[in-house]
Amino acid sequence: MLRLMLAAVLLSVSAAQLFSAPPSWKSGPTWKDVTNLKGVDEMEVAWRAAREEINDKFYGKSRYFMIPVQVIRAHKKGRDVELEVLYGESECRSRGVGARQISDRTCADVRRGADRAIYRIIVEEARRGRGQPDIEAWKVRDVRPNERF
């Protein structure tokens, strides 16, 4: 019974993040809006989010992988980084590339007529030991076919 209750709680927490609205864009005097994050490669962060979060959570059963196209806006506070990134569908999954192997070298082409979406990516400084910073992603919205950035 305890296992069943624990499983239900974990499932509801996972579903809440998957289907919840993204957190609001952080602001205030300690956040610096930037076009260059100095020491942070914005597109590498966007690719990491695609590998570790977006394609597992949102596109796990799809024929396509979502890959980053463009960083729309970014800012940081200390070592915490927040990005909004435009993603588009790529056919590299059909070429045998795995979700954990996608990069700008293995999966750089957005397919013609691809669905596109904006995701908010938050990278927080690693607070549990010396591991990699924590990364989370939320889908903000779908992008219309004729919408330009």
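Tabulated values for the structure
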quantity	calculated
Point-to-point label distance, Ser62-Gln101, nm (Cα→Cβ direction, 7 Å offset)	2.0 nm
Distant-in-sequence amide H partners of Phe65 (H built 1.01 Å from N, under 5 Å)	Ser90, Cys92, Arg93
Ordering of 46-57, 134-145 by packing [mean C-beta count within 10 Å, highest first]	46-57, 134-145
Shape category assigned to the range 75-130 from the gyration tensor of Cα positions, a/c cut at 1.5	oblate
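Each reported figure results from applying straightforward, stated rules to the coordinates on display, with no laboratory input. Every value quoted in this text rests on a predicted model; they were computed, and no experiment measured them. So basically every Cβ, Gly included, is an ideal-geometry build from the backbone, and we count neighbours across all protein chains shown.
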